Amino acid sequence: MIQLDPYYRTIKGFAVLIEKEWCSFGHKFAHRIGHGEDKPSDGERSPVFVQFIDCVWQLLQQYECHFEFNSFLLITILDELYACRYGTFLYNSEKQRMENVNNALSSQ
């Protein structure tokens, strides 16, 4: 999508792409990244999202003038992936994400 539609090479479009293709379609961030897991050798862990960001970085290096953002955005996304400050990359599905948002709001 990022190669076909220039919208996804904008900051807003890239955020939509991550939300739609990764978060809403149920990428298992909690299992793949290992947030809160005790076993570092767990078979569910896989750097698939990190590899996606690397692919975008490779495109960015080759076609820099076609992107609205630079590598700083990609580094920031990876930092937030592991920082656990926001709920975007903490859960395995949109359902878990919404349940935890609702629980956080109801406990306030």
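Computed values, structure above
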read-out	value
Degrees, to the nearest 10: 71-83 long Cα axis against longest axis of the chain	10 degrees
Relative exposure of Cys84, Cys65, judged by other C-beta atoms within 10 Å (fewest first)	Cys65, Cys84
Nitroxide proxy distance, nm - points 7 Å out along Cα→Cβ at Val16 and Asn92	3.1 nm
Within the chain, helix-based [θ] at 222 nm, where runs of 4 or more DSSP H residues each add -39,500 (n - 2.57), nearest 500	-15000 deg cm²/dmol
Computed lengthening from Asp42 to Leu4, 0.36 nm per intervening residue step minus Cα-Cα distance	10.1 nm
Degrees separating the helix 94-106 axis from the principal Cα axis of the chain, which is the longest one	60 degrees
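Every number in this text was worked out from the coordinates using simple rules, so none of it is lab data. Owing to the predicted nature of the structure, the values given are computational and were not obtained by experimental measurement. Methodologically, a virtual Cβ is constructed for each residue, glycine included, from the backbone with ideal geometry; neighbour enumeration extends over all protein chains shown.
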